[in-house]
Amino acid sequence: MSNESKETTSMSHGSWRADGSLMHTNSTGAPGWGNPKGSIVACADSNRPAKESSWALELKAPVQVQVELTEGCNQNCLHCYNYWRPLSTYKPETKYLSVEDIRRIVGELRSNEVISVTVTGGEPFVRTRELFALLEEAQVAGIATSINTNLSLPTTDDIDRLASEYPNISLLVSLLSSDPDLHERLTTTRKGTYAKVIRNVNRAVSRGLRVNVNMVVMHENLKEIRKVAELALDLGAKTFCATKVVPPVHARAADFFLSHDEVLWFLSELINIENDLGIHVDSLQTYPMCMLVGTEAFSRFSDHACAAGISTLTIGADGAARPCSQVPVAYGNILREGLPSIWRRMCGWREGEFLPEKCRDCKILGSCTAGCRMNSILAGLKGMDYYAEPEKILTADREHLLARGRRERNLNNLPDRVGVSHGLKIRAEAFGAVVYLLEPWGLILINKPASAFLTAMDNKPFTFKEFVKASGVSNDGDDADVSRLFYRLFEKQMLVPM
């Protein structure tokens with residue numbers, strides 16, 4: 001285990017699971033793994049009311065950063081969330097990060113112990129030279145890297161180079177339909193673009209690269225979800241994601257919003273797809289918990305929470321730092337100042353500055369994070385998420401709320417003795433630590449007792465009973481939390497048989 005003072009799949013919007021594991025792209029404001037008594041417990045089941053002044057966990061720096069390599073793109077998607085690309089003023093190429101910019105940015109991320117980077121844009125493969133420079137700098141820095149791409153531009157040589165030089169990278173590929181004509185119409189691209197995407201996905205998978213497919217769901221392709229999932233499975237994708245469209249800031253929001261029923265239908269369909277096809281599914285957007293209460297999607301998707309300015313930020317092609325790729329407000333420029341001052345300036349996102357008034361006293365705010373701020377675009381950042389239904393929480397059973405996202409975990413299936421994985425890394429935090437693996441990717445938040453225990457047990461075998469004893473738990477509730485933490489560490493291969 002390396003103890004350095006210094007996320008798996010790539011995903012586009014950076015949401016976190018409430019159990020503390022970074023989900024593709026992203027933990028939330030749920031308070032960390034500690035409790036007032038300092039025992040080792042999991043934030044997954046910590047539902048104490050959030051305080052306005054400290055409703056989100058205070059990380060010393062983001063754990064994940066999205067880097068918009070370029071503002072240029074070879075597509076002109078109708079739903080594009082790039083705020084600088086209104087359809088009336090679209091240009092194929094504008095700003096991009098130079099190799100010198102990239103070196104400075106990666107150096108700053110490394111010195112502040114940022115764990116993972118997602119390269120996005122625009123379309124990253126518009127600037128192939130700069131893209132590979134970024135991948136190389138990140139690899140040398142020990143930063144996990146993924147790419148969000150439409151995958152219509154890479155050459156065979158590009159894909160072969162990715163596979164040979166950066167085999168641990170993952171690709172999140174946008175695929176809007178199984179029908180070439182519909183995909184090309186929604187992306188406003190010429191005939192034959194769809195075929196290039198499919199060919200390149202096949203090439204990437206055949207070379208052993210991890211490919212995940214994301215489908216942005218809107219009215220025009222809503223009923224295509226299962227067909228695209230079947231295509232993703234046939235292509236060899238590891239994960240199929242269906243993500244509701246977020247209205248572009250330059251478009252009429254009403255033209256893009258799916259109805260509540262449509263969103264609930266496609267989330268239910270995602271669950272059916274996973275059960276029927278056996279492919280792992282996900283959704284990359286944040287959903288207000290109150291929207292999902294009473295539906296089958298609650299236990300599967302209510303643990304997705306907004307990470308903007310809490311555990312992630314976005315660096316634009318001009319170096320400007322924003323809390324989220326969809327938010328057009330910059331809090332500084334990383335090419336002109338250090339990351340710590342920018343991160344401190346974003347404290348409002350962690351202190352509840354943009355929470356809707358009606359959500360501030362909600363008993364599950366710390367787990368929900370009030371949905372997506374960009375879904376409140378009609379009312380401004382402080383408005384209610386378009387999909388929020390807060391009245392549902394008032395009548396919801398507390399045990400139902402606490403059980404969100406939990407799965408049955410049989411500790412009897414675990415080995416008698418385990419040890420800490422040699423690849424486990426620790427990033428110290430005021431609340432404890434972020435523990436993570438780069439390969440296979442995994443990340444969990446733990447408190448100080450848990451961090452101290454894992455550090456002390458480096459290269460030493462231990463049992464589950466020893467783990468529980470060291471945790472200092474004093475009641476059955478905490479004991480259950482420790483059991484879930486132990487299982488989660490083993491599930492993420494942070495603990496291994498010995």
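Some points to look at:
- Positions within the stretch 168-195 being surrounded by fewer than 18 Cβ atoms within 10 Å (Cβ to Cβ) and either over 25 Å from the mean Cα position of the chain (by Cα) or modelled with pLDDT of 95 or more (or both), in sequence order: Asp179, Pro180, Asp181, Leu182, Arg185, Thr188, Arg190, Lys191, Gly192, Ala195
- Residue satisfying all of: in the stretch 332-348; assigned to a loop (DSSP other than H, G, I, E, B) and out of contact with any Ser or Thr (no Cβ under 9 Å at 6 or more places or on another chain); farthest from Thr70 (Cα to Cα) among these: Met346
- Scanning the stretch 454-470 for residues that are surrounded by fewer than 18 Cβ atoms within 10 Å (Cβ to Cβ), under 30 Å from the mean Cα position of the chain (by Cα) and at pLDDT 90 or above turns up just one, Thr455.
Rundown of residues vs (1) surrounded by fewer than 19 Cβ atoms within 10 Å (Cβ to Cβ); (2) polar (S, T, N, Q), yes/no style:
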position	(1), (2)
Lys223	yes, no
Lys238	yes, no
Ser268	yes, yes
Gln285	no, yes
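- Restricted to the stretch 287-322, and to residues there that are open to solvent by 10 Å² or more (accessible area, probe 1.4 Å) and of a type in the set (A, V, I, L, M), the residue that is modelled with the highest pLDDT is Ala320.
- Which numbered condition Thr145 fails, given (1) open to solvent by 10 Å² or more (accessible area, probe 1.4 Å); (2) part of a helix (DSSP H, G or I): (2)
- Taken over the stretch 108-118, the criterion of being open to solvent by less than 20 Å² (accessible area, probe 1.4 Å) and small (Gly, Ala, Ser) is satisfied by Ser116 alone.
- Members of the stretch 349-368 that are small (Gly, Ala, Ser) and either open to solvent by 10 Å² or more (accessible area, probe 1.4 Å) or part of a loop (DSSP other than H, G, I, E, B) (or both): Gly352
- Single residue of Ile105, Ile159 found to be open to solvent by less than 20 Å² (accessible area, probe 1.4 Å), out of contact with any strand residue (DSSP E or B) (no Cβ under 7 Å at 6 or more places or on another chain) and not in a loop (DSSP other than H, G, I, E, B): Ile159
- Val327 vs. criteria surrounded by fewer than 24 Cβ atoms within 10 Å (Cβ to Cβ), more than 15 Å from Ala370 (Cα to Cα) and β-branched (Val, Ile, Thr): yes
- Among the residues listed as Glu100, Glu58, Glu68, the single one being modelled with pLDDT of 95 or more and surrounded by fewer than 20 Cβ atoms within 10 Å (Cβ to Cβ): Glu100
- Taking the listed residues Ile147, Ile143, Ile169, the one that is under 26 Å from Leu339 (Cα atoms), touching an Asp or Glu at 6+ places or on another chain (Cβ under 9 Å) and not charged (D, E, K, R) is Ile143, with no other qualifying.
The values are calculated or read from the model by the stated rules, or taken from the named source; none is laboratory data. Everything quoted here is computed from the prediction, not taken from an experiment. When we count neighbours, we look across all protein chains shown, and the Cβ atoms used for this are built from the backbone with ideal geometry, even at glycine. What goes into the accessible areas is simple: the full protein's heavy atoms, side chains included, and nothing from ligands, DNA or RNA. Shrake-Rupley method; radii C 1.70, N 1.55, O 1.52, S 1.80 Å.
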